[in-house]
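Student: Dropping a structure here in structure tokens format, bear with me for questions.
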There are 2 protein chains.
Amino acid sequence: MRSSTAVAVLGLGIMGGPMANNLLRAGYDVIGYNRSPAKVANFVEQGGRGAETIAAAVHDADVIVTMLPDSPDVEQVVAGEDGVLEHAASGALWIDASTIRPDVTVRMAAAAADKGIRAVDAPVSGGEAGAIEGSLSIMVGGAAADVDAARPILEAMGTTVVHVGPAGSGQTVKAANQLIVAGTIELVAEALVFLDAHGVDAEAAVKVLAGGLAGNRILDRKAAGMIAGDYTPGFRVDLHHKDLGIVTAAAREAGVAIPLGVVVAQLMGALRARGHGSLDHSALRLLVDELSGRARS
Amino acid sequence: MRSSTAVAVLGLGIMGGPMANNLLRAGYDVIGYNRSPAKVANFVEQGGRGAETIAAAVHDADVIVTMLPDSPDVEQVVAGEDGVLEHAASGALWIDASTIRPDVTVRMAAAAADKGIRAVDAPVSGGEAGAIEGSLSIMVGGAAADVDAARPILEAMGTTVVHVGPAGSGQTVKAANQLIVAGTIELVAEALVFLDAHGVDAEAAVKVLAGGLAGNRILDRKAAGMIAGDYTPGFRVDLHHKDLGIVTAAAREAGVAIPLGVVVAQLMGALRARGHGSLDHSALRLLVDELSGRARS
């Protein structure tokens, strides 16, 4: 059954690559495209089909999944010259798994509708490990019928798939997600430096903090690296900085005060400005160390 | 065996009352004291012994547990006239479960040592529910031998009991705990108002946020109340405001920058100044609503 459904995946990077592999494993007929052709060759080695152009990838696709870095990339690949909307068949379903600005999503969904193409925004949380394991959390915006049509595809890539509202809503929830994640990393960073400065055993402290109302996924998954000073990505500061730009713009647009959100956006920007953009976002601890005169070698 | 160990509990409030009950249930000979005698009468009804003065409570006690609101209360009850240090037997073990300033704890532990009384600081996390269930997280500071002696008592009141360092360390970890908890509540509040302003279904959003890297205990336990506008305490804004004063003073003393910590301390103070001190700390959402011109009736 599924092998009759042709899925084009545009963007075979750290996230898109393993997501395309999970679609293959679920039995879909998957054709991959990427700007740099090495990743396409790699996907073909995994058993997928490869395309040299967007047009070739989407021409016969029932479903098109995009997994791209930022809003301009999605605008270019989807609405640009020789892009998705120019070459996809009417009636195709476009699932955008990228994290981009909600207002861009709304605009692009309308442009897709003009061409008879159904659009669903489905940004993901869970990182590279979640993409590989197929255990992503996916926040989905769009019309109910389109989200229902997308669900089998999404469930091949994630374990928590929730329809949160109309077009753009998935991106809005992802923005809220990125606000909470960045803020929680910063809170844990402040707590760890505070404990360190007072001579408290950080590993014992993390154990007891994780057991109470302070418990969170950052303490569970990131604190050990933050104590060891290991900031191998994971999710890069550059990308989280981009996401916090989306959060602050969307909050401003809606007239919502996000006092912690704007402070952590500034801190993430400062961390990047100091040349740490390619580290994991948990490197916010580096900045707290530096601000506290406790920079470690 | 345990019935031969006499435990005095000073402070039978929302937390101290159920903690004393759990000591009774574990088989200890418990004598309770409280400034307002109604709570002592209530404890006697539960099967405990009551004392009318601190002197009477601690005179024959092997272990003394204090559970008091703030640093001056502990200083008064322990080191004040007719207090614990004046009347407890040499060799007694004093466990302070209150949340107070780490520097006060260090000073009081030294004063206790001068009288031959061993001191352990053991602030708790988990709230009224955790106190009733005996499932508190307890962060313990003190000499290893004294912490070992205190452990059976602490394990009658909590499930996670971790020795984090010398005298005062328990308070330092509790301060870090209160920093993370307040910050996480504020992040969730900002996210909920942001989602609301964008017309997204908050309950669906919380479900997917809780499943990813944004997952935390506040989303699990407090978000439903914050969506419903139910701010029944729980843990009062007044007390969390007091705790954030401890955090900011201790950070300043150690020269540690806590940019999110100081902002949320200000927000908690503003919430209190607006007359909401007796609400649950999750009422930080009220303030974000007000700052965003979205006050709800």
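The values are calculated or read from the model by the stated rules, or taken from the named source; none is laboratory data. Not measured: the values here are computed from a predicted model. With ideal geometry, Cβ positions are generated from the backbone for all residues, glycine too; neighbour counts draw on all protein chains shown. Ligands, DNA and RNA are stripped out before the accessible areas are found, and what is left, the full protein with its side chains, is counted by its heavy atoms. Shrake-Rupley method; radii C 1.70, N 1.55, O 1.52, S 1.80 Å.
Student: Condition first: among the polar types (S, T, N, Q), in a helix (DSSP H, G or I) and modelled with pLDDT of 95 or more. Can you find one or more residues in the range B:18-28 that meet it?
Tutor: yes
Student: Here is a follow-up. I need the full set of residues from the range A:102-121 which are farther than 18 Å from A:Thr172 by Cβ and touching a Ser or Thr at 6+ places or on another chain (Cβ under 9 Å), in order please.
Tutor: Selection gives A:Lys115, A:Gly116, A:Ile117.
Student: Of everything in the range A:281-297, what is within 12 Å of chain B (Cβ to nearest Cβ) and touching a residue at least 12 places away in the same chain (Cβ under 8 Å)? Give them in sequence order.
Tutor: Listed by number, the residues that qualify are A:His281, A:Ser282, A:Leu284, A:Arg285, A:Leu287, A:Val288, A:Asp289, A:Glu290, A:Ser292, A:Arg294.
Student: Can you confirm whether the range B:177-190 contains a residue that is surrounded by fewer than 22 Cβ atoms within 10 Å (Cβ to Cβ) and of a type in the set (A, V, I, L, M)?
Tutor: Checked the range B:177-190: no residue is surrounded by fewer than 22 Cβ atoms within 10 Å (Cβ to Cβ) and of a type in the set (A, V, I, L, M).
Student: Follow-up. Which condition from (1) modelled with pLDDT of 95 or more; (2) more than 7 Å from chain A (Cβ to nearest Cβ) is the one that B:Thr184 breaks?
Tutor: (2)
Student: Separate question: Suppose we filter B:Val58, B:Val44, B:Val77, B:Val40 for residues that are crowded, with 24+ Cβ neighbours inside 10 Å and either without any contact (Cβ under 8 Å) to a residue 60 or more places away in the chain or at negative phi (or both); which single one remains?
Tutor: Every option except B:Val58 fails the conditions.
Student: For A:Glu155, state whether it is among the charged types (D, E, K, R), open to solvent by 10 Å² or more (accessible area, probe 1.4 Å), modelled with pLDDT of 95 or more and within 16 Å of A:Ile95 (Cβ to Cβ).
Tutor: yes
Student: Could you pull out the residue among B:Thr105, B:Thr160 that is in contact with an Asp or Glu (Cβ under 7 Å, 6 or more places away or on another chain) and open to solvent by 10 Å² or more (accessible area, probe 1.4 Å)?
Tutor: Result of the check over B:Thr105, B:Thr160: B:Thr105.
Student: Report yes if some residue within the range B:151-159 is β-branched (Val, Ile, Thr) and assigned by TED's automatic domain parsing to the domain that holds B:Ala119; otherwise report no.
Tutor: Checked against the condition, which is being β-branched (Val, Ile, Thr) and assigned by TED's automatic domain parsing to the domain that holds B:Ala119, the range B:151-159 yields at least one hit.
Student: Would you say B:Arg107 is over 30 Å from B:Pro259 (Cβ atoms), assigned to a helix (DSSP H, G or I), out of contact with any Phe, Trp or Tyr (no Cβ under 9 Å at 6 or more places or on another chain) and more than 9 Å from every other protein chain (Cβ to nearest Cβ)?
Tutor: Considered against the rule, which asks whether it is over 30 Å from B:Pro259 (Cβ atoms), assigned to a helix (DSSP H, G or I), out of contact with any Phe, Trp or Tyr (no Cβ under 9 Å at 6 or more places or on another chain) and more than 9 Å from every other protein chain (Cβ to nearest Cβ), B:Arg107 comes out as no.
Student: Tell me, yes or no, whether the range B:265-274 has at least one residue that is surrounded by fewer than 18 Cβ atoms within 10 Å (Cβ to Cβ), among the aliphatic types (A, V, I, L, M), more than 9 Å from chain A (Cβ to nearest Cβ) and under 21 Å from the mean Cα position of the chain (by Cα).
Tutor: No, the range B:265-274 contains no residue that is surrounded by fewer than 18 Cβ atoms within 10 Å (Cβ to Cβ), among the aliphatic types (A, V, I, L, M), more than 9 Å from chain A (Cβ to nearest Cβ) and under 21 Å from the mean Cα position of the chain (by Cα).
Student: In this structure, does B:Ile132 turn out to be in contact with a helix residue (DSSP H, G or I) (Cβ under 7 Å, 6 or more places away or on another chain), at pLDDT 95 or above, more than 22 Å from A:Arg217 (Cβ to Cβ) and open to solvent by 10 Å² or more (accessible area, probe 1.4 Å)?
Tutor: yes
Student: In addition: Of everything in the range B:193-235, what is assigned to a loop (DSSP other than H, G, I, E, B) and either open to solvent by 40 Å² or more (accessible area, probe 1.4 Å) or more than 8 Å from chain A (Cβ to nearest Cβ) (or both)? Give them in sequence order.
Tutor: B:His198, B:Gly199, B:Asp201, B:Lys222, B:Gly229, B:Asp230, B:Tyr231, B:Thr232, B:Pro233, B:Gly234, B:Phe235
Student: Sort out which residues of the range A:246-297 are part of a loop (DSSP other than H, G, I, E, B) and either touching a Pro at 6+ places or on another chain (Cβ under 9 Å) or hydroxyl-bearing (Ser, Thr, Tyr) (or both), and write them in order of number.
Tutor: A:Ser278, A:Leu279, A:Ser292, A:Ser297
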